[in-house]
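A.B. asks: Dropping a structure here in structure tokens format, bear with me for questions.
The values are calculated or read from the model by the stated rules, or taken from the named source; none is laboratory data. Computed from a predicted structure; not experimentally measured. Here the Cβ positions follow ideal geometry from the backbone for every residue, glycine too, while neighbour counts run over all protein chains shown. Areas reflect the complete protein model, heavy atoms only, side chains present, ligands, DNA and RNA absent. Shrake-Rupley method; radii C 1.70, N 1.55, O 1.52, S 1.80 Å.
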Amino acid sequence: MSDLPDLDDLKARYDDLGAGSRAELRRVARPDDLALTPAFYRLLSGIKTDARWQRVVFFLAHVRHANTELRLGQALKLADIDETRLFQVLRSTVPNDLIQLRRLVQQADPAVHWQRLVESLFYWNEDQKRRLVEDYFTPVPKIEKEASHD
């Protein structure tokens, strides 16, 4: 995972962006649209930007960070996202799979550990999509369920 920079630094960079720049990132309709978005380059200043980073930033504004073991698939299950919609993500191809997944994320408003999420998006492929579905069907520890309802 040596390609990944310090995620605390990434979070700090995102938090340091102005409200207008964060709004720019939220409004992007497709991951590759970020290549035409100045806020994308401000956020990743000094980092070689590519499609992997576009996938990460495409979700960044829509997922809250939490120090938790909860994975995205589990968070979607806790938010009562219908499994049919998750299987649509699994069957779709890039970029539609990511667009559909972001819609689910926007609806669920999950709080997950960014490290896991970023790694999943950075290395997004069929295996990562299957892992998302597997996580959806993985029982959530009782402690996580209680914390998610606070």
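A.B. asks: How much of the accessible area of segment 1-60, probe 1.4 Å, is carbon plus sulfur, in whole percent?
C.D. replies: 49
A.B. asks: Right, next: Given 20 °C and 1.002 mPa s, how large is the Stokes-Einstein diffusion coefficient of segment 19-149 in µm²/s, with Rh as the Kirkwood radius over Cα pairs?
C.D. replies: 142
A.B. asks: Now, a different point. So how tilted is helix 7-16 from the main axis of the chain? Cα-based, degrees 0 to 90, rounded to 10.
C.D. replies: The two axes meet at around 60 degrees.
A.B. asks: Give the residue from 136, 68, 89 lying farthest towards the positive end of the charge dipole for segment 50-150; charges sit on Cβ (+1 for Lys and Arg, -1 for Asp and Glu) and the dipole is referred to the Cα centre.
C.D. replies: 89
A.B. asks: Using only helices, what value at 222 nm comes out for the chain when you add -39,500 (n - 2.57) per DSSP H run of length 4 or more and divide by the total residues, to the nearest 500 deg cm²/dmol?
C.D. replies: Value at 222 nm, helices only: -17000 deg cm²/dmol.
A.B. asks: Still on this model: What full-extension length gain, to one decimal in nm, is calculated for residue 83 and residue 50 as 0.36 nm per residue of separation minus the Cα-Cα distance?
C.D. replies: 8.8 nm
A.B. asks: Test of understanding: in a Gaussian network model of the chain with alpha carbons linked when under 10 Å, which of 31, 110, 139 would top the mean-square fluctuation ranking?
C.D. replies: 139
A.B. asks: Using alpha carbon centroids, what distance separates segment 99-124 and segment 21-68, in Å?
C.D. replies: 12
A.B. asks: When the Kirkwood hydrodynamic radius is evaluated over all pairs of different C-alpha atoms of segment 54-123, what value in angstrom, to one decimal, is obtained?
C.D. replies: It is 12.1 Å.
A.B. asks: Then there's this: Work out the charge dipole of segment 1-93 with +1 on the Cβ of Lys and Arg and -1 on the Cβ of Asp and Glu about the Cα centre, then indicate which of 7, 46, 34 is farthest towards its positive end.
C.D. replies: 34
A.B. asks: Right, something else. For helix 96-108, report the angle its Cα long axis makes with the longest principal axis of the Cα atoms of the chain; keep it between 0 and 90° and round to the nearest 10°.
C.D. replies: Compared with the principal axis, the helix lies near 70 degrees.
A.B. asks: Using the crude model of +1 on Lys and Arg Cβ and -1 on Asp and Glu Cβ, and no other charge, please compute the dipole size for segment 3-105 relative to its Cα centre, in debye to 20.
C.D. replies: Its charge dipole is roughly 280 debye.
A.B. asks: Here is a further query. Whole-Hz Karplus ³J(HN,Hα) for segment 125-136, in order, using 6.51 cos²θ - 1.76 cosθ + 1.60 and θ = phi - 60°, x for Gly and Pro?
C.D. replies: Ordered by residue, 3J(HN,Hα) equals 7, 4, 5, 5, 5, 4, 4, 4, 5, 4, 5, 4 Hz.
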